[in-house]
1. Tell me the label-point distance for the pair residue 273, residue 100, using the 7 Å Cα-to-Cβ offset, in nm and rounded to one decimal.
2. Could you work out Rg/(2.2 N^0.38 Å) for the chain, with Rg from alpha carbons only?
3. In terms of modelled amide H atoms, which long-range or inter-chain residues lie less than 5 Å from the amide H of residue 187?
4. Any chance you could check the Cα centroid distance between segment 248-289 and segment 13-79 for me, in angstrom?
5. I'd like the Karplus ³J(HN,Hα) series for segment 35-43: coefficients 6.51, -1.76, 1.60, θ = phi - 60°, whole numbers in Hz, and an x wherever there's a Gly or Pro.
6. Using just the alpha carbons, could you tell me how many Å³ per residue the convex hull of segment 48-199 encloses?
7. 7 Å from Cα along Cα→Cβ at both residue 163 and residue 303: what's the point-to-point distance in nm?
8. Rounded, prolate or oblate: which one fits segment 14-116, using the alpha carbon gyration tensor with axes a ≥ b ≥ c (rounded when a/c is under 1.5, else prolate when a/b beats b/c, else oblate)?
Amino acid sequence: MDHNLRLIDMGVFVMLCSSSIGSITTSQALLVNSIYDNDVSRSSTAFGNLMTVVLMLQLLLSPTYGLLTDIIGRRPIMITQMFFITSSSICLIACCNNRSIYWMVAAQVVLGLCGNLFQTCATQVADSSPHDKRGSNFALSVGVPFGIGFSLGSYLSSILNFDSTFTYALVANVLALLFCAIRIPETKLKIIAEKTPSITLSSLNPIRCVLKLFSNQSLKSWSIVVFVGGLSYQGFLNLFPMYSTHVYGFDEKKNGLYMSVMGLTNVLVQGLVLPRVLQKYGDVFCASVCLSIYALFCIMMASFKTDYLVFASLLFYSLGVMVDPILNGIMSKQVNEDQGTLQGGLSTIALTSRMLSSLLFLNLYSYTTSENTTVPMPSLVYYVAALLSLIAAKSVTNIDETSK
């Protein structure tokens, strides 16, 4: 199987997975809200705690999956992860039918057991890409397909009821599992196979995995950027359905439409803009600009109150989160061997920031919307996110100045 076909297959697989994610992103948050009788404060706290469970499990398992991809290969790990994701979809259907928070907990626990699927996808793309093309290939084979699938799934969630939405998610996951088993090849490099690492308790320790990254000064600096930047944008998708329902008056259909448009703008930006700006301006400069643009987006979200302005701001969101594949490309091209281990460490940092981001923003939002709050300002969450994004942008500038 040649290089181009491998990346195309990865794109189809990511598209199937992300269409499932897009369909349930708003639906599961709104389902939790309905279980708690539309009590925004209680449901946002509960959903934040559920996301913490998922991210904690993914955090603990990411080093394991990263190491195992270097030992037994990428493909069998992806198939295992898809099995857990598909099982989680079955639990969501049961939750929808029974309106029970316990089934939602089961769904999130099983989802957490899958680790970070896209960490494994990124490892496959790194295996199949030359160093100078990894950033753009991450965008074209993961970022763009993710946007297309996410947009499709989000649109379907806006026109389907809960039952049909979760059924679609299950079908998409089953198709992705079958496609992975039939079409996704093994990409583990022969040079790595000859230097296969051994499994030890210390090698599976997420803290040790991060410390291994920090042993390289350059990777340490960029890891801090990934963490601080992640705090600002990783919690957005978990927060938005709650925020938009309370502040903008969005219903399930409008939330789904918003996520669909978001997916489309991500496709256009990562497919058309990212490769060109990387080639012209370089990855370090682009990373700093993207984080600054995301800070601007957060300020817009905190200020805007009308539908059309909220939708218009999505262009700034897509330009901002373009930093994700850029940072992944910057870090992965500094490592030739042990790509799985690198992606495991990077995923540990990203998941930690996402977990803390969800806890911070959902609980802060819960506090600012509660009856007894002394700070009745729901938009405060976006001002905090803007500040964190600007700190990350400044860190990128410091790295660039230090390296010169």
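1. 4.6
2. Cα Rg divided by the expected 2.2 N^0.38 Å: 0.93.
3. Residues meeting the amide H criterion: 74, 75.
4. Segment 248-289 and segment 13-79 have Cα centres spaced 21 Å from each other.
5. After applying 6.51 cos²θ - 1.76 cosθ + 1.60, I find 4, 9, 6, 6, 7, 4, 5, 5, 5 Hz.
6. 118
7. Using points 7 Å along Cα→Cβ, the separation is 4.6 nm.
8. Taking the square roots of the gyration eigenvalues as a ≥ b ≥ c, segment 14-116 is prolate.
Read-outs throughout are calculated quantities, based only on the coordinates presented, and are distinct from any laboratory measurement. Owing to the predicted nature of the structure, the values given are computational and were not obtained by experimental measurement. As a convention, Cβ positions derive from the backbone with ideal geometry for all residues, glycine included, and neighbour counts pool all protein chains shown.
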